[in-house]
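Everything on this sheet refers to the single structure shown next.
The values are calculated or read from the model by the stated rules, or taken from the named source; none is laboratory data. None of these values were measured; they are calculated from a predicted model. Here the Cβ positions follow ideal geometry from the backbone for every residue, glycine too, while neighbour counts run over all protein chains shown.
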Amino acid sequence: MFPNESSSALTARANFERTGFHLLRPLFSSEESAAWRDRINAIFGLPAGDAAIPAIAGATHTLADGITTNREFWPIIFNERLLSAVRGLIGDNIRYTQHSDLHINLPGGRWHRDNACREFGVGQDWDERTEPYRVVRIAIYLSDYTDSGSSLAVLPGTHRRESRLGRYEYMLWNKAPTFMRKRGHNDKVPHWFITNPRRVIRTQPGDCVIFDQRLTHAGGTLGAQSPKYAMYLSYGIDNSHSRNHRSFFLDRPTYSRNLPTELKTKLAETNLLLAGI
Ligand SMILES: O=C(O)CCC(=O)C(=O)O
């Protein structure tokens with residue numbers, strides 16, 4: 001599956017298998033990141049450059065499947081560095097599993113997993129007896145932590161294990177935002193975790209985090225002067241786990257059931273089209 005692998009690729013893959021995530025820093029330069037921010041601004045009818053900051057004024061803008069449905073974002077799907085990094089981590093036979101998003105200022109949120117079967121150990125995502133689960137979420141950040149608060153908190157290893165205590169702690173932290181909101185403190189709960197190590201990735205523009213969809217994670221807390229911009233997409237190896245993942249998201253009304261014909265052709269030509277689409 002991984003012929004002629006270099007020792008750094010081997011190390012990256014071993015780390016990924018252990019922790020459930022990999023940081024590709026940077027995927028895009030600061031100039032490229034600024035151009036992606038402006039394409040996102042255009043999608044939401046916002047002005048380009050710094051003029052977007054007062055126009056956004058702390059509001060949240062999201063577009064589910066924004067990368068799939070807007071051709072100006074398709075170069076990300078076919079980005080050679082990204083594809084090569086993903087292949088190095090999960091195997092050569094990868095496919096585009098959609099599950100894409102464009103976000104400005106999506107608030108921190110709770111600890112969660114992005115896979116179809118979110119409770120640890122329950123459901124087909126956790127059954128690897130016949131086929132390995134190799135579906136990854138790609139999170140590309142276009143903002144700097146220092147002026148936007150943009151970060152991603154992850155609980156390394158939670159794609160493979162979760163203690164009973166960890167489950168209780170997870171539920172407890174996820175009740176805390178509701179408790180705080182009722183008292184008028186929106187999104188003021190920090191993303192702590194005691195029973196599992198925690199890693200907070202404070203982003204720089206162009207950072208890309210590749211993570212197992214089963215990894216427990218949460219977006220960081222916002223509230224700084226600049227907006228947080230992020231783009232997401234997904235790949236998986238060509239097996240039933242990837243098909244289940246895509247189907248799970250396509251059941252949501254916001255994701256596109258039909259791929260644009262031109263994208264479908266390009267995915268087929270580059271061997272990235274998931275069987276059955
Ligand atoms: O805000 C973030 O970076 C994380 C978003 C997230 O957790 C998700 O889209 O599943």
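Summary of values
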{"quantity": "Filter result (farther than 24 Å from Y96 by Cβ and within 16 Å of the ligand (Cβ to nearest atom)) within region 214-248", "calculated": "T216, A218, G220, T221, L222, G223, A224, S226, P227, K228"}
{"quantity": "Flag for I77 being closer than 19 Å to F16 by Cβ and touching a residue at least 24 places away in the same chain (Cβ under 8 Å)", "calculated": "no"}
{"quantity": "Filtered residues of region 33-45 (kept if within 20 Å of G219 (Cβ to Cβ), assigned to a helix (DSSP H, G or I) and of a type in the set (A, V, I, L, M, F, W, C))", "calculated": "W36, I40, I43"}
{"quantity": "Residue in region 77-117 that is farthest from the ligand (Cβ to nearest atom), counting only those that are charged (D, E, K, R), part of a loop (DSSP other than H, G, I, E, B) and at pLDDT 95 or above", "calculated": "D92"}
{"quantity": "Output for region 258-277, where each listed residue is closer than 18 Å to G236 by Cα and either of a type in the set (K, R) or surrounded by 14 or more Cβ atoms within 10 Å (Cβ to Cβ) (or both)", "calculated": "L259, L263, K264, K266, L267, L272, L273, L274, I277"}
{"quantity": "Tally of residues being in a loop (DSSP other than H, G, I, E, B) and in contact with a helix residue (DSSP H, G or I) (Cβ under 9 Å, 6 or more places away or on another chain) across region 46-76", "calculated": "5"}
{"quantity": "Breaking point among (1) more than 14 Å from the chain's Cα centre (by Cα); (2) more than 22 Å from I201 (Cβ to Cβ), for S30", "calculated": "(2)"}
{"quantity": "Boolean, A139 is at pLDDT 95 or above, part of a helix (DSSP H, G or I) and out of contact with any Asp or Glu (no Cβ under 8 Å at 6 or more places or on another chain)", "calculated": "no"}
{"quantity": "Top-ranked residue in region 123-155 [being more than 12 Å from the ligand (Cβ to nearest atom) and under 18 Å from Y235 (Cβ atoms); ranked as surrounded by the fewest Cβ atoms within 10 Å (Cβ to Cβ)]", "calculated": "E128"}
